[in-house]
Amino acid sequence: MKLPVNAFKKALLNPTPQIGLWVGLANGYVAEILAGTGFDWLLIDGEHAPNDVRSVLEQLQGLASAWSAQPEAERSQAVVRVPVGDTTLIKQFLDIGAQTLLVPMVDTPEQAAQLVQATRYPPDGIRGMGSALARASRWQAYPQYIHEANDQVCLLVQAESALSLKNIDAIAATPGIDGVFIGPADLSASMGYSGQPGHPEVQAAIEDAIKRILAAGKAPGILATTHEQTEKWLAAGARFVAVGVDTMVLTAAAQQLAMKYKKQGTPGSPSTSGY
């Protein structure tokens, strides 16, 4: 049995943008629900959400469960953001079945090249052997896993500092890097505009970075939580765009529902809900 093709990696090769959702609630049940809502990809966040290897595993299993009821073309693909570009952590996340990784805070092409090495088995890299214990190989149900895995790994790196933008051409040109994700919040702080990702200088820097990533033949990505920003970056050529965050979606929907009914009637009046 041959290792399945990484559908997300394949999709990045064409100009049709992949629309995603940030997943920070760190729960397999939530991930399974979201996997049925129609997004092309879900970002399981191990940097700023309370995730570890086990909770990410639970969410990957949730996505796989949702897949059982979906046509292959409609399945949300998992992108796992590791907390840091550590070789050991990368090995663990790959072994539990993550095929696409997003690594934060990559400032130089040397860092990018090291990450490529960490995601590949020898002789192309330094990923530790241990596939017999790994969900990724389905515990050796994919008998050629160690020979096929390198081609199916999708490695995305985050450019989120002034230094990373200075080096963006070389980072994007690094063999084995599939895409570069712009982090507007950290970038704005690095440029001296903390809390102002919409500042004209930050916006211009992002637009320029997207052009340079595309020129290198790689896929640019970004998180945009407003319709205006989403449309702007899609028009600029971003290939994978997260258009919301699960915590924000839940909060906004809950607040809207609460206020819809709290505004009716007067405070302290008896309930007329029928319950």
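Values in this text are rule-based calculations from the coordinates and carry no lab data. The shown structure was predicted, so the numbers you read here are calculated from the model rather than taken from an experiment. Positions of Cβ are generated from backbone atoms using ideal geometry, with glycine treated the same way; all protein chains shown enter the neighbour counts.
If Lys and Arg each add +1 and Asp and Glu each add -1, what is the summed charge of the other residues whose beta carbon sits under 14 Å from the beta carbon of THR88? Can you show the working numbers first?
Working: positive: LYS91, ARG127; negative: ASP52, ASP86, ASP95.
Once positives and negatives cancel, what remains is -1.
What's the extension gain from MET105 to LYS10 if we count 0.36 nm per residue and subtract their Cα-Cα distance? Before the final figure, lay out each step's value.
Working: separation 95, 0.36 × 95 = 34.20 nm, distance 2.45 nm.
Value of the extension gain: 31.7 nm.
Please arrange THR247, THR100 by how many other C-beta atoms lie within 10 Å of their C-beta, fewest to most. Spell out each step's value before the answer.
Numbers: THR247 14, THR100 24.
If I rank by nearby Cβ atoms, fewest first, I get THR247, THR100.
Can you compute the modelled spin-label distance between GLU148 and THR226, with each label point 7 Å from Cα toward Cβ, in nm?
Here the answer is 4.6 nm between the modelled labels.
GLN152: net charge of surrounding residues, Cβ under 12 Å, Lys/Arg +1, Asp/Glu -1, itself excluded? Could the numbers behind the result be given before it?
Numbers: positive: LYS2, LYS9, LYS10, ARG120; negative: GLU148, ASP151, ASP178.
Taking every Cβ under 12 Å from that of GLN152, the sum is +1.
Beyond 26 Å between alpha-carbons counts as too far, so tell me which of LYS91/LYS166; LYS9/LYS91; LYS166/LYS218; LYS232/LYS263; LYS232/LYS262 fall in that bin.
Working: LYS91/LYS166 29 Å; LYS9/LYS91 19 Å; LYS166/LYS218 17 Å; LYS232/LYS263 35 Å; LYS232/LYS262 36 Å.
Over 26 Å apart, Cα to Cα: LYS91/LYS166; LYS232/LYS263; LYS232/LYS262.
Name the shape class, rounded, prolate or oblate, that the alpha-carbon gyration tensor gives for the chain, where a ≥ b ≥ c are the square roots of its eigenvalues, rounded holds for a/c under 1.5, and otherwise prolate holds if a/b is larger than b/c and oblate otherwise.
Values: a/c = 2.09, a/b = 1.27, b/c = 1.65.
Verdict is oblate for the chain.
Between exposed trypsin sites (Lys or Arg not before Pro) in the chain, where DSSP calls loop and at most 12 other Cβ atoms lie within 10 Å, what's the longest gap?
On the way: sites that count: LYS2, LYS263.
The answer is 3-262.
What is the fewest-to-most order of MET191, MET129 by other Cβ atoms lying within 10 Å of their Cβ?
Values: MET191 17, MET129 10.
The fewest-first ordering by Cβ neighbours comes to MET129, MET191.
So how do ILE177, ILE19 line up by other beta-carbon neighbours within 10 Å, fewest first? Let's see the in-between values first.
Details: ILE177 24, ILE19 16.
Least to most surrounded, the residues fall as ILE19, ILE177.
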